[in-house]
Amino acid sequence: MTTAYLILGFSLVAFGAMAVTALVWAARAGQFENFKAGSESIFDSGEPIGEPTDVFPGMKRSLLAGSPTRAMKGPPRP
Amino acid sequence: MPPPTDAAERAYIDRSCRAPVLFFFGSALFWLLVGTFFALVTSIKLHDPEFMTRAPLPDVAKFQAGGSLNANPISMQDVGFLTFGRFRASHLNAVAYGWASSAAIGVGVWLMARLCRVPLRRPALVTTAGVLWNIGIAVGIAGILAGQSTSVEWLEFPPYAALIIGIAYAMIAVWAVDMFASRQCDHVYVTLWYVLAAFFWFPWLYATANILILLKPVQGSVQAIVNWWFGHNVLGLWFTPIGIGAAYYMIPKVIGRPIHSYYLSAIGFWSLALFYSWNGGHHLIGGPLPAWVITASIVASVMMVIPVVVTAVNHHMTMRGHFGMLRYSPTLRFIVFGAMSYTLVSLQGSSMAIRSLNKISHFTHYTIGHAHFGLYAFFTMVMFGCMYYIVPRLCGCEWRSAYLIRLHFWAAAYGIFFMIIALTVGGLVQGLMLADPAKDFVGEIVPMTRPYLVGRSLSGVLLSIGHVVFAYHFILMVLQLGRREGGPVYFNPVEAEVRP
């Protein structure tokens, strides 16, 4: 029983402690310094900002590329 | 040698994930179909309790000839594995661990490789974990059907199956740490935080709960709190981070626009990480626990409004002006449906933790509606959306048919919508009636719920159609029967157009 309660206590405390440690590490590592660059880090020259990357199969893709308004007017359904 | 261009690097990384991720997706879909079968039978049994275990009609001719009327008795020993208690637990475990978790691991593995910008490391470790994971689930479900369920909700798998699953998952966690440590990116994108955290949290939760309930059981009501600490954290610290993390990657990526406020996404993640694990106690409102434990849990549950609203506002503002794209992107359609459901189901969940509503909704179909709202309308839809994006990039061909994708989407969307309506309305009426001591349980309350339960079974048929269609479509992709026109870069619309 004592072992069980030790595990329980360890789990609950360590759970929070790990989250706090990760948060402190992230802040020290500069993860919260440049939000703009962070949000743009998933785009690159191959898939730049402003370019959709998914359409229904068989749909004319060029109509989608470019501005959102063009995408909204949209190509005909295949 | 590093690949020459960003696009080539991405294609290289995607390809490195191919075998393990397709294996996880394939097995996820297999368990989805198995879980759907259990679900349909379980649902029908709720309004037709003898379904599949009905004794054959007595042989009248034999009776007239002087034989016994009860000539064909049905023995519970023969049909025990077909009864509600075992099927319901099998359904839950098949869809929660077999479908949802396998899909989550597949999506998480792919996202980690992409966001760490390294080709998949130790693919053999991931695939071995996948094989073990599937063995664990198969053994566990066989154990439940054989009557060896532990009867602890969300942990029904017998201990020997839980051990296999725990080892498999620990292997995934080790792999995730290895991937993260060898990442080639300076910035840790918000999705990577979510996925890494989920891969780290789940084995912790699973091991702790199994040790404290099955291996070295704590006594009495402490078991209940451990049970629901685990049960709710599986949703909040395993499925939710994978689902939300995937949405934070897929929505910007598909529409080609960065997240509206990266700052808000950071707040959303860290508030979830720091406060979510308090939530489980709200399952035990009215239960045999100190009142302060439950009150603390209610406060934490209501506090969850913060990360939820933050995420909802962020996703909405990112999508603003791009909603027209829902018509043209299968991935976006499923994921936005899922993200909107996440907002609604989370706010509903916070409200259900409040004592005055909980006293009506607890122990009614309302709760079941909430569970399906979360795991299907939110999580499963997000996973479908991710698979529509990931599978073509792994298989190198495009989905075969836009019609089948639309059929899948509308079957799933209408199916889950009707299921939630039926269970929510039916559950509310049921709860109000149960709270009224003048109402007769068998005579009034049970017949009242019947039409809602029939409606739920019908909505389940719609969902099943969607699942079969998607599984068929997936098999076509794995067999390389997808579309190939449009040049080699199927996954980059502009390049595909430009190239002759």
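The values are calculated or read from the model by the stated rules, or taken from the named source; none is laboratory data. Model, not experiment: these values are computed from the prediction. All Cβ positions, even for glycine, are placed from backbone atoms using ideal geometry, and neighbour counts span all protein chains on display. The protein model used for the area step is the full one, side chains on, heavy atoms only, and it has no ligands, DNA or RNA in it. Shrake-Rupley method; radii C 1.70, N 1.55, O 1.52, S 1.80 Å.
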Place +1 on the Cβ of every Lys and Arg and -1 on the Cβ of every Asp and Glu in chain B, take the dipole about the Cα centre, and give the residue among B:267, B:360, B:287 whose Cα lies farthest towards its positive end. B:267
Counting protein heavy atoms only and a 1.4 angstrom probe, how many square angstrom of accessible surface do chains B and A bury in total, to the nearest 100? 5500
Along Cα→Cβ, 7 Å out, is where each label goes; now give me the distance between the ones at residue B:19 and residue B:446 in nm to one decimal. 5.5
Nearest-0.05 FRET efficiency for residue A:25 and residue B:55 at R0 = 60 Å, using Cβ-Cβ distance, is 0.40
Taking Cα atoms only, helix B:330-352 is inclined relative to the longest principal axis of chain B by an angle, in degrees rounded to 10, of 50
Relative to chain B, whose Cα atoms define the longest principal axis, helix B:102-116 and its Cα axis are tilted in degrees, nearest 10, by 20
Rounded to the nearest 10 Å², the accessible area of residue A:6 using a 1.4 Å probe with every protein chain kept is 120
Counting Lys and Arg as +1 and Asp and Glu as -1, each charge on the Cβ, what is the dipole of the protein assembly as shown about the Cα centre in debye, to the nearest 20? 840
Positive dipole terminus of the protein assembly as shown, leading residue within B:190, B:443, B:318 (C-beta point charges): B:318
Among A:37, B:429, A:16, the residue whose Cα sits farthest towards the positive end of the charge dipole of the protein assembly as shown, when +1 is placed on the Cβ of each Lys and Arg and -1 on the Cβ of each Asp and Glu, is A:37
Place a point 7 Å from the Cα of residue B:223 in the direction of its beta carbon; the residues of the stretch B:286-328 whose amide N falls under 20 Å from it are B:286-290
Relative to the Cα centre, what is the charge dipole magnitude of chain B, using +1 at the beta carbon of each Lys and Arg, -1 at the beta carbon of each Asp and Glu, and rounding to the nearest 20 debye? 720
What do you get for Rg/Rh of the stretch B:240-395 when both radii come from the Cα atoms and Rh is the Kirkwood radius? 1.03
tail above 41 Å in the computed P(r) of the protein assembly as shown, as % of all Cα-Cα pairs, reads 24
Computed helical MRE - 222 nm, chain B, DSSP H runs ≥ 4 contributing -39500 (n - 2.57), nearest 500: -22500 deg cm²/dmol
Give me the distance in nm between label points sitting 7 Å out from Cα along the Cα-to-Cβ direction at residue B:177 and residue B:347, one decimal. 4.0
Take the stretch B:211-282, drop everything but the C-alpha atoms, weight them equally and run the Debye formula without solvent; then report log10 I(q)/I(0) at 0.25 Å⁻¹ to two decimals. -1.09
Do you know the relative contact order of chain B, to the nearest whole percent, from alpha carbon pairs under 8 angstrom that are 6+ apart? 14
Angle check, please: helix B:123-145 long axis (alpha carbons) against the longest principal axis of chain B (alpha carbons), in degrees 0 to 90, nearest 10. 10
At 1.4 Å probe size, with every protein chain present, just tell me what the per residue accessible area of the stretch B:192-327 comes to in Å². 31
Let me know the shape class of chain B, please: from the alpha-carbon gyration tensor, a ≥ b ≥ c as square roots of the eigenvalues, rounded when a/c is under 1.5, otherwise prolate if a/b is greater than b/c, or oblate. prolate
Given a 1.4 Å probe and heavy atoms of the protein chains only, how would you sort B:297, A:41, largest accessible area at the top? A:41, B:297
